Structure formats: C-alpha cells, structure tokens
Amino acid sequence: MKDKVISLKGISRHYRVGTELVKALDNIDLDINRNEYVALMGPSGSGKSTLMNLLGCLDTPTGGSYFLNGNDASRMNDNELADIRNKEIGFIFQTFNLLPRSTALENVMLPLVYAGVSKQDRIEIAEKVLADVQLSDRIKHRPNELSGGQRQRVAIARALVNKPSIILADEPTGNLDSKTSVEIMGLLEAIHKLGNTIIVVTHEEDIAKHAHRIVRLRDGNIESDEINKDVVTVTLPQ
C-alpha cells in the first residue's frame, strides 16, 4: 500500500455571491502519495486556486474531508490550521513573498522562529538549506540586492527549512524569464529526487511537463488525472 500524504474525499467549496451559489469545487476526490511530483492545471475559474488554498490549509472546505499526513485538516480551527501550515507545508509563491528589510538568512529562518527552534540552530539549519539552493554567498543580501531567480531560491529554501510533508508551489516561475524559469524547475526536480512531495499549480503547459503526474481541473471538477509519460528534465550545473 502506497504512503498517502494527501487524501481528499468528496471535497466541495461553495461561495454565496449575492443570490447565486458558486461551486468553486464540487465533490472531488484526490489522493497524492509521498514523493509524488504533481502539477495542478486549469483555466481561470477552474477551481485550481481554490484547491491550492485548501491543500495549503489557507481555507477550509464546505463539505468533504481533507487528510494531510494523517491529520484531518478539514475539521481544524484557525490556530490548528496555522500550526499545520508551519509544520507540514512549504509554500513557494509567484511573488516570492520575502520580507524586504530582512536578509536571505533571516527570511529563511522565519518558519523556524514560529516552530520554536533556538537561534543557533535556526542559523545553522538556514545556512545549510541556503547552501543546498546554491546561495551561500548571498545569505546577508536583502531581496532588493538579489535577482528574481535568487529571490525565488530564497523562497524555496524557506519552504524547505521545516522539512514539510509537501512543497506547494503557486506559479513558481510566473515572474521569471525563460532561462531562470528552467533553472528553478531544475531545482524543484532536484528537491523531488531527495524525497520531497511537490505540487505545482500552473496554467503553463511547459511548466506542468516537468511534473510526473498532471491533474486538470475544469468548472470545479477534476477533468483528467494522468501520468506524464514525457517528463521534461533539467540538468543543473554542478
């Protein structure tokens, strides 16, 4: 039996807009196993952003159940959701979401502060993760002193620092040029090979092709869920 890290059963998310009931997600089932690399795709209004918010414990479903690493996130209160976000989920955003006045090291250390890790241990762990994303020479730089690709590497290091159950990447190359986008996808590939579970939310086919499984949404439902037989790989320079 495969090791499920995510299990959605009958998940719905409905919104009331005036007198109209909008079914952003409508009774979907989805399982993701540990160390899978999955792309969530769909046009605007398909429900992929709503699904991402639910997977990231930023929202709760109207109906159904969501188990993340054995924890029933669909029944949690706000404090419990905040705790599980910090421990179980590493976020990578299109806009990087770095603190502008903090150094790369301080940005990466932030989740460890919330986790109650001692200062010395925070520094050692953050330095190690920044080295893993090839930014050892930039740890004292602030975001405005870094390129877009370097900022995203800091964001990836921050996502990894708590050793989460899943890495959730929302349009991770949306603000990057083509060459840098390829480098970032290569870095995600390397992270996946180390055993991490990665979920990329994207509307770009060329980005989704890096994933090993592609789930397509339309009108709040899963339209297709297929293994990617033509995975695009990137070899990063040593």
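The values are calculated or read from the model by the stated rules, or taken from the named source; none is laboratory data. Remember, it's a predicted structure, so these values are computed and weren't measured experimentally. We place every Cβ from the backbone using ideal geometry, glycine too, and count neighbours over all the protein chains shown.
Residue 186 satisfies every condition listed in (1) part of a loop (DSSP other than H, G, I, E, B); (2) within 18 Å of residue 39 (Cα to Cα); (3) among the small types (Gly, Ala, Ser) except (1). Residue count for segment 37-87 satisfying the condition of being in contact with a helix residue (DSSP H, G or I) (Cβ under 8 Å, 6 or more places away or on another chain), assigned to a strand (DSSP E or B) and surrounded by fewer than 19 Cβ atoms within 10 Å (Cβ to Cβ): 4.
Scanning segment 136-157 finds no residues that are over 16 Å from the mean Cα position of the chain (by Cα), part of a helix (DSSP H, G or I), of a type in the set (Asp, Glu) and within 29 Å of residue 82 (Cβ to Cβ).
For residues in segment 103-147 being basic (Lys, Arg) and farther than 22 Å from residue 194 by Cβ, which is surrounded by the most Cβ atoms within 10 Å (Cβ to Cβ)? Applying the filter and picking the extreme gives 142. For segment 149-182, filtering for residues that are farther than 16 Å from residue 110 by Cβ and of a type in the set (A, V, I, L, M) leaves 6. Pairs linking a residue in segment 167-181 that is crowded, with 17+ Cβ neighbours inside 10 Å to a residue that is β-branched (Val, Ile, Thr) and assigned to a loop (DSSP other than H, G, I, E, B), with Cβ atoms under 6 Å and 6 or more positions apart or on different chains, are 171/202; 181/173.
For the criterion of being more than 16 Å from residue 215 (Cα to Cα), in contact (Cβ under 8 Å) with a residue 60 or more places away in the chain and either in contact with a helix residue (DSSP H, G or I) (Cβ under 7 Å, 6 or more places away or on another chain) or not polar (S, T, N, Q) (or both), residue 5 passes.
Within segment 201-223, the set of residues being within 19 Å of residue 34 (Cβ to Cβ) and basic (Lys, Arg) comprises 213 only. Looking across segment 38-69 at every residue that is on the phi > 0 side of the Ramachandran plot and modelled with pLDDT of 90 or more, the one that is nearest to the chain's Cα centre (by Cα) is identified as 57.
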